[in-house]
1. Test of understanding: among Ile147, Ile89, which residue is surrounded by fewer than 13 Cβ atoms within 10 Å (Cβ to Cβ) and closer than 23 Å to Leu199 by Cβ?
2. Does Val53 meet the test of being in a helix (DSSP H, G or I), under 28 Å from Gly217 (Cα atoms) and over 23 Å from the mean Cα position of the chain (by Cα)?
3. Would you tally the residues in the stretch 164-183 being basic (Lys, Arg), open to solvent by 40 Å² or more (accessible area, probe 1.4 Å) and in contact (Cβ under 8 Å) with a residue 12 or more places away in the chain?
4. Can you tell me which residue among Arg140, Arg158 is in contact with a helix residue (DSSP H, G or I) (Cβ under 6 Å, 6 or more places away or on another chain), at pLDDT 90 or above and closer than 26 Å to Lys45 by Cβ?
5. Counting only residues that are touching a helix residue (DSSP H, G or I) at 6+ places or on another chain (Cβ under 8 Å) and of a type in the set (D, E, K, R), which one in the stretch 166-191 is nearest to Phe58 (Cα to Cα)?
6. List pairs: first residue in the stretch 36-53 and open to solvent by less than 60 Å² (accessible area, probe 1.4 Å), second residue of a type outside the set (Phe, Trp, Tyr) and not in a helix (DSSP H, G or I) anywhere in the structure, Cβ distance under 6 angstrom, at least six positions apart or on different chains.
7. Every residue in the stretch 192-223 that is of a type in the set (A, V, I, L, M) and more than 15 Å from Ser62 (Cβ to Cβ), please.
8. Which residue pairs have Cβ atoms closer than 9 Å, lie 6 or more positions apart in sequence or on different chains, and pair a first residue in the stretch 108-126 that is more than 20 Å from Trp139 (Cβ to Cβ) with a second residue that is of a type outside the set (A, V, I, L, M, F, W, C)?
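The values are calculated or read from the model by the stated rules, or taken from the named source; none is laboratory data. The structure displayed is predicted, hence computed values, not measured ones. Glycine also receives a Cβ, built like all others from the backbone with ideal geometry; neighbour counts cover every protein chain displayed. Note: areas computed on protein heavy atoms with side chains; ligands, DNA, RNA excluded. Shrake-Rupley method; radii C 1.70, N 1.55, O 1.52, S 1.80 Å.
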Amino acid sequence: MQPPARAQKPEFPWWLAVAVAIAVVAAVGIAGSDLYRQVFATVAKGIGITVFVTVVGFALASALGLGVALMALSGSAWLRQIARFYVEIIRGVPILVLLFWIAFAGAPAFVAGWNFVTAPLQQAGWMDALIVRDISLLWRAIMALTIGYSAFIAEVFRAGIQSVDAGQIEAAKALGLSRLQRFRLIVFPQAVRTILPPLGNDFVAMVKDSSLVSVLGVADITQMGKIYASGSFRFFETYSIVAYIYLILTVGLSLALRALERRLRRQHARS
């Protein structure tokens, strides 16, 4: 008979201690330098836009991704094929290319389609014609990130929903629960534990990919850094500050998500 395996003692997060020490030293250096303070004050003006683009884009991508995942798991072969087509095509296009396409091809096509559909209302004087400039570059960027990430998030939701034991779903059917009730009360609460880690990784990735919106002139962190560096030629100082801010955001989010995962695991172990 083998002795029971001893629980492994959790390791001290030396990497985090070193990272925090470096962050503190960098913060002291920024506070003690007039140049770095000026760069930081300029670049930090884009934090709000970066957070807004990330939060709104991820929320919309999650909603769209959940819808695509449910289509992929539906009983209709047509819906499954449409969902698979969407996921494979969107995942095959780089985010930057999708950003340009949505901004400069998709938005004009949407405006033309909208004006065609609403032409009778416009002729009656009930509404004005929509022009491309009415759709801001900020929202075009958000839509591009939403569409791009929704394909990856759809696969995360699909895998998480399929990980739920089929026996529990059959038991819920035997109890007379409707399809919506089974999903809301049985499937989704259990799938969350599987979904959360990869979903958190996608959220952190979107924080970084939100920097791509700077190519459209959206005033995020990266764009503010580009403007300052091009005017002052202080490229090392500027992009060091840009990297520092992104690291604070992404590492902080990663730690918060890990803490949430541990809390969910403890709650599941007690239940």
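1. Just one listed residue meets the conditions, Ile89.
2. It is false that Val53 is in a helix (DSSP H, G or I), under 28 Å from Gly217 (Cα atoms) and over 23 Å from the mean Cα position of the chain (by Cα).
3. So the answer is 0.
4. Result of the check over Arg140, Arg158: Arg140.
5. Top of the filtered list is Arg182.
6. Gly46/Ala219; Gly46/Asp220; Ile49/Ala219; Ile49/Asp220; Thr50/Asp220
7. Leu212, Val213, Val215, Leu216, Val218, Ala219, Ile221 - these are the residues of the stretch 192-223 that are of a type in the set (A, V, I, L, M) and more than 15 Å from Ser62 (Cβ to Cβ).
8. Note: pairs meeting the criteria are Gln122/Asn115; Gln122/Asp128; Trp126/Thr118; Trp126/Pro120.
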